[in-house]
Structures are given as C-alpha cells and as structure tokens.
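Trainee: First, the structure itself, so that you have it in front of you.
The values are calculated or read from the model by the stated rules, or taken from the named source; none is laboratory data. All of these numbers come straight from a predicted model, not from anything done at the bench. Positions of Cβ are generated from backbone atoms using ideal geometry, with glycine treated the same way; all protein chains shown enter the neighbour counts. Surface accessibility is based on the protein's heavy atoms, side chains included, excluding ligands, DNA and RNA. Shrake-Rupley method; radii C 1.70, N 1.55, O 1.52, S 1.80 Å.
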Amino acid sequence: MKIKGLTPVLLILLAVLFFTGHIYFLAEPLANFMNSAGSILGGPDAIGWSIILLTVIVRLLLLPIMLHQSRNMTIQQEKMRLLQPQLRRVQEAQKTASTQEEKMLASQAMMTVYRENNVSLLGGMNFAVLIVQWPIFSGLYGAINPHVISNYKSLAWATTQMTEIKQAAFFGISLSEKSLVIAILTGVVYFVQSYLSIIGVPEETRKQMKQMMFMMPIMMFFMTYMTNAGVGLYFFVGALVMIIQTLIINAWRPRLRKGVEASFTVNDVVEDALAGKIETPQATGGFAKMMQDAQAKQGEQGAGPKDITDQVSEKDTSKQSNRERNAGKQKRN
C-alpha cells in the first residue's frame, strides 16, 4: 500500500492549498454533511453526533492503510530487537572512542548496521495518512467557524452555517469555541493508546518509545485546546479508534514476531563497520546528502585547529623566501 514518493507529493499539494488559501475547500461539503446528518439524527446534540459519525467514516476508510502501516512498524521493531547485540556493541564503541576517527566510525556504524540489514530507522512510519487528514481538519474547522475563510460573506452556506453553528453544542459544550474538557479527554485517551502501543514491544525499543508515550498526549492536548471543540471532538473519537487499532496489532504481534524470527537473516557487520571496512554509499536524496555533509563538516571541526608549530614554520619559511627574493633583486640592481 506504500507508493514511493507519495508523501512528498502530498506534502507539496498541502503546501499549495495552504499558501493559495484553498485549505478550507472541504468546508462546504462538511457543513452540508453535518446539517444533513444532524437533521436525520435529531436532538440538541445532533451536530456533535454528526462529527462523530464523520470521524468514524473517515477512520474506517483509513483503517486498512493504518493497520498496514502499524504492521510494518511492528515488523521493523522486531527486526531491531534481533539487532540489539550489534547496537549494544556500537554503544560501547561510542563510549570508549578516544580519537575523532573512532568517534566518526562509531557514529556511522549504527546507520551501517541498520542499512546492511535493510531496517528502517523510521520503523515503517508513513506520514501520508496524517497529511491526507489535514484538509479534513481544516475543512471541519472552517465549516464550524466560516469566518476564517477569506470570502465567507459571499458564500451563502457560510452565512447560514454561522447562524446555525452558534447554537450547536454537544452535551453543553459549544462546538465553535475551545473546550478544556475535550482537550483533557483527548490527552488521556492518547496516553492510554500510547501505553497500549508499548505492550509486547522489546525492552530496548520500549525505552525509546516511553518518551513518545508522554510527548504525544501532551502535544494532542495542546492541539485540541487550540482549535474549536468540533475539531477537538474529531481528535477525541479518532484516538478511540486508534485504541482499537492498537489492540488489533497487539493481538497480531506474536504471529508477526514468529514470522520475523523465521525469515529475517541478521547480517553481523558491526565489527567491519567500526573498523571502517564498509564504505558508506553515496547519498541520493536531498535530506541524506545534507546529513552526509553535516557529518563531514563535523569531522573537519573535530580534527581541531592546525598545529601552531606548523603555522609558525610556514610563516618563517614564507618570510625567508621573501628575504631571499629581495636579496636577489638587490644584487642584480
């Protein structure tokens, strides 16, 4: 399901929509959906329930892609578990490195171990799903608060929606305003999802993931609080769906682990990498080239300033050569 180069293309399209002012192009369809679904559902909380229905539909459509992505991430985590002996050897080399060359080789060795074993540092993560949802976030925000759209006064649906949405609430929470309650609930649900995601993960990988276990809920709390309660409700219900997705992956993990152990062949390259016997391939992507250039500059800086005795010798040699040339000119004159 992963199309090579899809994420950069989607990111460019998103940037174009943002800078051209068309990021809210889904506002009208989503406003019509909320009004139609709300009229069918009925009741004072109808608009809120329509947002929940929208979230469930979007998440169900994306669920196969997200499960595929989670499966790939789980496989990469299990491969990293089998590479831990080599990675621990690299960490020991980083601690005991005394020369700049040894430090450079140790810093590159970890990348070499991953590369030679065809393991992705991102763990199979794909940002396309998040990018695809961004116009939905923006469209939902614009549908609830049409005044953010530059020409909203000329849009018939926007003026009607502004009149109706002022009275729209979900269990007493105004959907057009910020909601601390929904922000807190979203943060809590994301924390539960993050906690469930580290169950069954190898111990070494779990240590790295614990930071994200706290970062993601905090980030989602602020994101939810900064927007209106309608978009916050979308985030909250989306997090509930993610919990279901995580439970499916946790049940799937033992089977995936057995598959990796049966099919993955570990290439023990750590000693050759630390000895500099494995040549780093030339970077092809822009980001990879930038990282290689940064490492090269770091190596040059780590080499330290040129020996002052050499600099003095060069200056003395230069002065002596100048004196000899001037003496030669005087003799000829």
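Trainee: Might you work out the accessible area of Ile149 for me, using a 1.4 Å probe with all protein chains in place, and round it to the nearest 10 Å²?
Mentor: Approximately 20 Å² for this residue.
Trainee: With every protein chain kept in the model, how would you rank Tyr195, Tyr141, Tyr190 by accessible area, 1.4 Å probe, largest at the top?
Mentor: Details: Tyr195 120, Tyr141 65, Tyr190 20 Å².
Heavy-atom accessible area, descending, gives Tyr195, Tyr141, Tyr190.
Trainee: So how much slack lies between Val266 and Ser36, counting 0.36 nm per residue of separation and subtracting their Cα-Cα distance, in nm? Don't skip to the answer; put the middle values down first.
Mentor: Numbers: separation 230, 0.36 × 230 = 82.80 nm, distance 5.62 nm.
Using 0.36 nm per residue and subtracting the Cα-Cα distance, I get 77.2 nm.
Trainee: What percentage of the solvent-accessible surface of the stretch 168-261, computed with a 1.4 Å probe over protein heavy atoms, is contributed by carbon and sulfur atoms? Walk me through the numbers before you get to the answer.
Mentor: Values: 3470 of 4830 Å².
Taking all protein chains in place, the stretch 168-261 shows 72 percent carbon and sulfur surface.
Trainee: If you don't mind, another one. Please give the per residue accessible area of the stretch 124-253, computed with a probe of 1.4 Å over protein heavy atoms only, in Å². Can you show the working numbers first?
Mentor: Details: 6420 Å² over 130 residues.
Computed with neighbouring chains in place, this is 49 Å² per residue.
Trainee: Let me ask something else. Relative to the present Cα-Cα distance, how much length would full extension add between Ile218 and Ser98 at 0.36 nm per residue of separation?
Mentor: Contour length minus Cα-Cα distance gives 39.3 nm.
Trainee: From the protein chains alone at 1.4 Å, what is the descending order of accessible area for His22, His68, largest first? Let's see the in-between values first.
Mentor: Values: His22 105, His68 60 Å².
Solvent-accessible surface, decreasing: His22, His68.
Trainee: Quote the charge dipole size of the stretch 213-281 about the Cα centre in Debye, to the nearest 20; the model charges only the Cβ of Lys and Arg (+1) and of Asp and Glu (-1).
Mentor: Numbers: 5 positive and 5 negative charges, 90 e Å.
Approximately 440 debye in magnitude.
Trainee: With every protein chain left in place, what is the accessible area of Thr20 in Å² (1.4 Å probe, nearest 10)?
Mentor: 80 Å²
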